[in-house]
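So the structure is just underneath, and the comments pick up after that.
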Amino acid sequence: MFAQLKAMMKKPALYEKGTAELWTDEHISKGMLEAHLHPDWDAATRKHETVRNNVKWISTVAPAKTYHKLLDLGCGPGIYAEEFHKAGYLVTGMDISKRSIDYARNVAQEKNLPIMYYHQNFLTLDLKEQFDIVTMIYFDFCVNSTEDRAKTLKNIHAALKPGGLLIIELTMPQHFAGHKENKKWEYAENGFICGEPHLHLESFYRYDKDSTILNQSIVITEHDVKSINIWHHNFTKDEFTNDLGMAGFSVKALYGNMLGADYCKDGKEMCFIAQKGGNLNDSV
């Protein structure tokens, strides 16, 4: 165990995987679901009032009458999916968390909602030209490696009908400005990251040349030691515009957030509306 712990104490290589996954951990998924469902937390899902405002804005810029079939990637327990349904979209949700998808399916059945949910990783998305619009909300795209981001965009492109839209939120380099590398130890009998007595080493690392940060958790119990690496990449407008073009998208519009704010080059976040096809040299 000590040799394993010693190796984990080194700063990981860019996009190095941990020994465990945050998104599929049985214990962590309980706390994640609670965070999703709390109406006043900006945690796993935004405050539910903000969710309703996001959907209201999306239904204005991409109305359900024109873009009827919607795929929400990273749908969690269906908070956004239900609001999209209320706004008139025919909704499909997809998430890697089985607990969240099971919850969403149960609610849809109880309320008799025609929402389809998939327990699936975006990287295995294989739905050909079925959707008019795909959404990726609350920076879910940013947690992927360079290779996985490119594959996700290609999969989304394939899933959209010709002329279909991708609406996606991203963080910008200013999002983590002033955050210095640090480490913090904490002991707990039971916590979000582990359900038994454990020592938790939280580390924050910067990879400024790649505009990427890492939140790492090393969890030590009486029987085990594991590491969870949560990567987050920040984009410039030009970088993501190029990524979209490489995947076969053109840029239709760019905003400062998913409420329609004006884009600011020195802002902390941005929201792209991209279209499958069109002039790949278009820019905003």
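Scanning the stretch 98-129 for residues that are touching a Phe, Trp or Tyr at 6+ places or on another chain (Cβ under 6 Å) and closer than 27 Å to residue 149 by Cβ returns 101, 104.
All of 68, 48, 85 fail the test of being over 16 Å from residue 168 (Cα atoms) and under 19 Å from the mean Cα position of the chain (by Cα), apart from 48.
Pairs are defined by a Cβ separation below 6 Å, a sequence spacing of at least 6 or placement on different chains, a first member in the stretch 180-194 that is under 23 Å from residue 212 (Cα atoms), and a second member that is of a type in the set (Ser, Thr, Tyr) and open to solvent by less than 100 Å² (accessible area, probe 1.4 Å); the pairs so defined are 181/205; 183/203; 193/217. Those residues that are out of contact with any Ser or Thr (no Cβ under 7 Å at 6 or more places or on another chain), crowded, with 24+ Cβ neighbours inside 10 Å and more than 22 Å from residue 253 (Cα to Cα), I need them from the stretch 57-99; list them, please. Passing the criteria: 75, 78, 81, 91, 93, 95. Please go through the stretch 80-109 and give me each residue that is touching a residue at least 40 places away in the same chain (Cβ under 8 Å) and either touching a Pro at 6+ places or on another chain (Cβ under 9 Å) or not in a helix (DSSP H, G or I) (or both), ordered by number. Those that are touching a residue at least 40 places away in the same chain (Cβ under 8 Å) and either touching a Pro at 6+ places or on another chain (Cβ under 9 Å) or not in a helix (DSSP H, G or I) (or both): 89, 96, 97, 99, 100, 103.
In the stretch 218-239 there is no residue that is in contact with a strand residue (DSSP E or B) (Cβ under 8 Å, 6 or more places away or on another chain), of a type in the set (Ser, Thr, Tyr), buried (at least 17 other Cβ atoms within 10 Å of the Cβ) and within 28 Å of residue 57 (Cα to Cα).
The values are calculated or read from the model by the stated rules, or taken from the named source; none is laboratory data. What you see is a predicted model; the values in this text were computed from it and never measured. Ideal geometry is used to build each Cβ from the backbone, glycine not excepted, and the neighbour counts take in all protein chains shown. Side chains included, ligands, DNA and RNA excluded: accessible areas come from the protein's heavy atoms. Shrake-Rupley method; radii C 1.70, N 1.55, O 1.52, S 1.80 Å.
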